[in-house]
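The block underneath contains the structure these notes are about, expressed in structure tokens.
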Amino acid sequence: MKKVSILAAIALVVVGCNKRALEEPIPPVTPDTEAPVSFGATAEVSVVESKAALNLGTDLTPQLGVYAFKAASVPNASTADGAVWCSAKNLHYTWVPASNCYKEDTKTSLFWPASGNTSDKLSFASYFPYLATATTGNGVNAYVLTQDLATQTGTPAPDYGFAWAKAENVGRPNPMASQALAFNYKVAKVSLSIVGDGTSVGATGIKVQSGGTGEGVVSIKLYTASTSGLYKEYKLNLLDGTTTNSTGNLTQAAPMTLQPVAKTGNGTSGDTFEKDYVDAVGYLAPSTDANFEAAGLTVEVVYNDGTSDQTYTATIKAGVGLLAPPADLSAGLAAGNNYKYTLKLGKSGITFTGTVTDWTDVAGGEITLD
């Protein structure tokens, strides 16, 4: 599985350097309020903020959710409440550029055990992008993250690229030391690039329709003809990183909608992206559902040619065109894979070229639909 460091960086558990010597011994398992736990990035790695931002509006600050346990390992749900350290349940950490580290968003409440304790070790679980605690609906409840994936439109589009990590039995750094958190992506990603055939459609390029009228891409939808497997509601267990309890199904009647984003062509004669085109990204719950693997994923693009809306559809599945596994989705949707397809609109429908790249890229071939 593809591992990712926080925004192409390594997440490190570190302790501040302003620790004062203690005049009196501190009883076992007592937090040291002079030693807050923070998360930093190594100096040699650049930080790309947008990767860990929830992006639900104008806040593009990288955000983490953090749990800490006074235990040798991250516990299961039946024992987690009794092992929580410093009430550290879904603490909101944000990136502070001036300090080059992640700190708690509003106040500091998570500290290392005081030195001299019989045990100064903690175990951590973390994820990004952060979701607030909620008793129902989207958010985090009882160590489970829930997110409805149906609507992925907006400016900017929401980032549901959830990733998870843990670090267990971590001793208090003394003197300063660090502990890496290796994040794994826990969703699949579909990246679409929409181009015209240069003659019948998009002779001067493809754009996004503006103001609800005129030429351009009107909408992009994903759905399946299967009765199950393309999950609407995504669930991530934040204690063990599993995604086995996602529910619902995205169908033609109730599809996933993606945000079209205008892109400027590179001007290279003969290149697929010579002229302006449109991109879209969707995050999907991992799935090995046999019904979905057989039925595949349908992409629907509504494009206005300047006169009327034209609907283009194509289904990505085994036996269609030249697609090969895993791009043909015959093995379902794997967490950490970015399924990348170029959609060429023309008189005969959509021609697909596919690769799987970026996180763990999956390469494909072509599909031409009449």
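The values are calculated or read from the model by the stated rules, or taken from the named source; none is laboratory data. Please read these numbers as outputs of a predicted model, since none were measured by experiment. We place every Cβ from the backbone using ideal geometry, glycine too, and count neighbours over all the protein chains shown.
Residues being touching a Phe, Trp or Tyr at 6+ places or on another chain (Cβ under 8 Å) and farther than 19 Å from VAL74 by Cα: count how many of those fall in the range 105-129.
Looking only at that region, the number is 2.
Filter the range 252-271 for residues that are surrounded by 15 or more Cβ atoms within 10 Å (Cβ to Cβ) and polar (S, T, N, Q); which is farthest from THR315 (Cα to Cα)?
First pass over the range 252-271, keeping only residues surrounded by 15 or more Cβ atoms within 10 Å (Cβ to Cβ): 255-263, 265.
The next check asks that each one be polar (S, T, N, Q); those that pass are 257, 259.
Working: THR257: 16, GLN259: 19 Å.
It comes out as GLN259.
Condition test on ASP197, is it out of contact with any strand residue (DSSP E or B) (no Cβ under 7 Å at 6 or more places or on another chain) and charged (D, E, K, R)? Reasoning before the result, please.
Details: out of contact with any strand residue (DSSP E or B) (no Cβ under 7 Å at 6 or more places or on another chain): no; charged (D, E, K, R): yes.
Here the answer is no, as ASP197 does not meet what is asked.
Working only within the range 118-163, note down all residues that are among the basic types (Lys, Arg) and either without any contact (Cβ under 8 Å) to a residue 40 or more places away in the chain or at positive phi (or both).
Going through the range 118-163, the residues among the basic types (Lys, Arg) turn out to be 121.
Of everything in the range 118-163, nothing turns out to be among the basic types (Lys, Arg) and either without any contact (Cβ under 8 Å) to a residue 40 or more places away in the chain or at positive phi (or both).
Of all residues being of a type in the set (Gly, Ala, Ser) and under 22 Å from the mean Cα position of the chain (by Cα) in the range 328-355, which is surrounded by the fewest Cβ atoms within 10 Å (Cβ to Cβ)? Just the residue, please.
Within the range 328-355, the match that is surrounded by the fewest Cβ atoms within 10 Å (Cβ to Cβ) is ALA331.
Just need a number here: residues in the range 252-305 that are in a loop (DSSP other than H, G, I, E, B) and aliphatic (A, V, I, L, M). Talk me through it step by step, then tell me what you get.
Step one: filter the range 252-305 for residues in a loop (DSSP other than H, G, I, E, B), giving 252-255, 259-260, 264-275, 285-286, 288-289, 296, 305.
Retained after the next criterion (residues that are aliphatic (A, V, I, L, M)): 253-254, 285.
The total comes to 3.
Give the residues of the range 356-370 that are modelled with pLDDT under 75 and under 24 Å from the mean Cα position of the chain (by Cα), sorted by residue number.
Kept after step one, since they are modelled with pLDDT under 75, are these residues of the range 356-370: 357-370.
Listed by number, the residues that qualify are THR357, ASP358, TRP359, THR360, ASP361, VAL362, ALA363, GLY364.
How many residues are touching a Ser or Thr at 6+ places or on another chain (Cβ under 7 Å), at pLDDT 85 or above and among the hydroxyl-bearing types (Ser, Thr, Tyr) when one looks only at the range 90-111?
1
Does the range 220-231 include one or more residues that are closer than 22 Å to PRO129 by Cα, in a strand (DSSP E or B) and not acidic (Asp, Glu)?
No, the range 220-231 has no match at all.
Taking the range 225-273 as the region of interest, how many residues are farther than 12 Å from THR146 by Cα, among the acidic types (Asp, Glu) and in contact (Cβ under 8 Å) with a residue 40 or more places away in the chain?
1
Suppose the filter is crowded, with 19+ Cβ neighbours inside 10 Å and at pLDDT below 90; does GLY321 pass it?
Numbers: crowded, with 19+ Cβ neighbours inside 10 Å: yes; at pLDDT below 90: yes.
When the stated conditions are applied, GLY321 passes them.
Take the residues in the range 118-145 that are over 21 Å from the mean Cα position of the chain (by Cα) and surrounded by 15 or more Cβ atoms within 10 Å (Cβ to Cβ), then tell me which one is modelled with the lowest pLDDT.
Only one residue tops the list, namely ASP120.
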